[in-house]
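The block underneath contains the structure these notes are about, expressed in structure tokens.
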Amino acid sequence: MIEFQNVSKVYPNGTRGLNNINLTIGEGELVVIVGLSGAGKSTLLRSINRLHDISEGNIMIHGQSITNASGSGLRRIRRGIGMIFQNFNLVKRSTVLRNVLSGRVGHHSTLRTMLGMFPAEDTQLAMDALERVNIRDKAYSRADQLSGGQQQRVSIARALAQEPQIILADEPVASLDPLTTRQVMDDLQRINRDLKITTIINLHFIDLAREYATRIIGLRAGEIVFDGTPEEATDEAFAHIYGRSIHRDEVLGAQSPAEEVVTLDGTPAVRAVGESS
Ligand SMILES: Nc1ncnc2c1ncn2[C@@H]1O[C@H](COP(=O)(O)OP(=O)(O)OP(=O)(O)O)[C@@H](O)[C@H]1O
């Protein structure tokens, strides 16, 4: 369980990234966070594993405060949280297997991992993780020889190799084409369901949010303005989260010149540029 208790984040330049967030995320949920650029999605996600420190409040992970943790206590909590980034964050000149094995570093001494001395069980675990995302056959390829979608799968396998209870994914499909996007989302959903790993994903496509989430949280200006099921996340609810109408480039299934697809008052208006109403 992840609990935000009165959490605020103010950046050194005075920008308020999060404003008094209270939120509980239960085990096994697949939460998608939505909101306009700058709404605070990354700040919220990255405060869970303390990539960003918060300014006020407390964040509890499985009953332990990550806000107050330090040293080995902090490392232990972080070990249970896998992270997936938009740009994959792989060591490009290294093999896929080495990249996945790096997910094990939190389990061993620094010296051992610096020397690349991973026990045989770790290699097995890494291969199993690659199998789960269907790229076991790429284990000995160099990471930079893979397509974007395959590289994102390697980064999912690396997160899995940590044996995490929580996976955080910050815009994991923003660099991918629509087909690959669905494959990566399918992987994340399957892993969430099969391994019961609590998964929190920042996304900007509203149809993907509805399709994959068990719960959608909408942020605006650092505050939660929506928290509900995909069924409750209607076009009107999204227009409320965004404070404006939805655009085509926010719907994966409607990729064409940007134009309004629903107006603020909820009237459906799916129109391409140049199309008459
Ligand atoms: N390092 C920083 N220093 C100052 N302000 C920041 C910093 N990082 C983010 N912000 C600001 O905090 C607010 C929330 O940013 P955040 O990146 O969390 O939003 P977001 O919803 O993830 O947006 P995007 O989709 O564009 O990544 C924004 O106003 C942003 O400009």
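The values are calculated or read from the model by the stated rules, or taken from the named source; none is laboratory data. Computed from a predicted structure; not experimentally measured. For neighbour counting, all protein chains shown are included, and Cβ atoms are generated from backbone atoms with ideal geometry for every residue, glycine included.
Scanning segment 15-53 for residues that are over 14 Å from the mean Cα position of the chain (by Cα) and over 19 Å from ILE166 (Cα atoms) yields THR15, ARG16, GLY17, LEU18, ASN19, ASN20, ILE21, LEU36, SER37, GLY38, ALA39.
Scanning segment 2-42 for residues that are more than 10 Å from the ligand (Cβ to nearest atom) and under 21 Å from ARG244 (Cβ atoms) gives ASN19, VAL32. Of all residues in segment 43-54, which are within 11 Å of the ligand (Cβ to nearest atom) and either free of Cβ contacts under 8 Å to residues at least 12 places away in the same chain or of a type in the set (Val, Ile, Thr) (or both)? Answer for segment 43-54, where residues must be within 11 Å of the ligand (Cβ to nearest atom) and either free of Cβ contacts under 8 Å to residues at least 12 places away in the same chain or of a type in the set (Val, Ile, Thr) (or both): just THR43. The C-beta contact set for segment 2-15 (first residue outside any strand (DSSP E or B), second residue within 12 Å of the ligand (Cβ to nearest atom), distance under 8 angstrom, 6+ apart or interchain) comprises TYR11/GLY17.
For segment 191-245, give me the residue count where each residue is in contact with a Ser or Thr (Cβ under 6 Å, 6 or more places away or on another chain) and at positive phi.
Pass one, segment 191-245, residues in contact with a Ser or Thr (Cβ under 6 Å, 6 or more places away or on another chain): 192, 239, 245.
Still in the running and at positive phi: none.
Within segment 191-245, residues that are in contact with a Ser or Thr (Cβ under 6 Å, 6 or more places away or on another chain) and at positive phi number 0.
At pLDDT below 95, β-branched (Val, Ile, Thr) and either part of a loop (DSSP other than H, G, I, E, B) or within 16 Å of the ligand (Cβ to nearest atom) (or both): does that describe ILE200? Spell out the reasoning first.
On the way: at pLDDT below 95: no; β-branched (Val, Ile, Thr): yes; either part of a loop (DSSP other than H, G, I, E, B) or within 16 Å of the ligand (Cβ to nearest atom) (or both): yes.
For ILE200, the condition - at pLDDT below 95, β-branched (Val, Ile, Thr) and either part of a loop (DSSP other than H, G, I, E, B) or within 16 Å of the ligand (Cβ to nearest atom) (or both) - is not met.
Taking segment 51-105 as the range and being part of a loop (DSSP other than H, G, I, E, B) and basic (Lys, Arg) as the test, the residues that pass are LYS92, ARG93.
For segment 237-249, the criterion of being touching an Asp or Glu at 6+ places or on another chain (Cβ under 9 Å), among the aliphatic types (A, V, I, L, M), crowded, with 20+ Cβ neighbours inside 10 Å and under 22 Å from ASN20 (Cα atoms) is satisfied by no residue at all. Close contacts from segment 31-42, counting a first residue that is among the hydroxyl-bearing types (Ser, Thr, Tyr) and a second that is assigned to a strand (DSSP E or B) and near the ligand (Cβ under 8 Å from one of its atoms), with Cβ to Cβ under 6 Å and a gap of 6+ residues or different chains, come to SER42/ASP170.
State the number of residues belonging to segment 164-180 that are of a type outside the set (A, V, I, L, M, F, W, C), within 16 Å of the ligand (Cβ to nearest atom) and modelled with pLDDT under 95.
So the first thing to find is which residues in segment 164-180 are of a type outside the set (A, V, I, L, M, F, W, C), and the list is 164-165, 170-172, 175, 177-178, 180.
Adding the requirement that they be within 16 Å of the ligand (Cβ to nearest atom) leaves 170-172, 175.
With the extra rule that they be modelled with pLDDT under 95, the set shrinks to 175.
Here the count works out to 1.
Looking at the structure I just gave you, is SER37 assigned to a loop (DSSP other than H, G, I, E, B) and hydroxyl-bearing (Ser, Thr, Tyr)? In short, yes.
Number of residues in segment 1-42 that are more than 16 Å from THR199 (Cα to Cα) and among the β-branched types (Val, Ile, Thr) equals 4.
What are the residues in segment 109-125 that are at pLDDT below 90 and either surrounded by 14 or more Cβ atoms within 10 Å (Cβ to Cβ) or in contact with a helix residue (DSSP H, G or I) (Cβ under 7 Å, 6 or more places away or on another chain) (or both), if any? Show your work before the answer.
The initial filter retains those residues of segment 109-125 that are at pLDDT below 90, namely 109-120.
Across segment 109-125, the qualifying residues are ARG112, THR113, PHE118.
Would segment 236-248 turn up any residue that is within 16 Å of the ligand (Cβ to nearest atom), modelled with pLDDT under 95 and among the charged types (D, E, K, R)? Looking through segment 236-248, at least one residue is within 16 Å of the ligand (Cβ to nearest atom), modelled with pLDDT under 95 and among the charged types (D, E, K, R).
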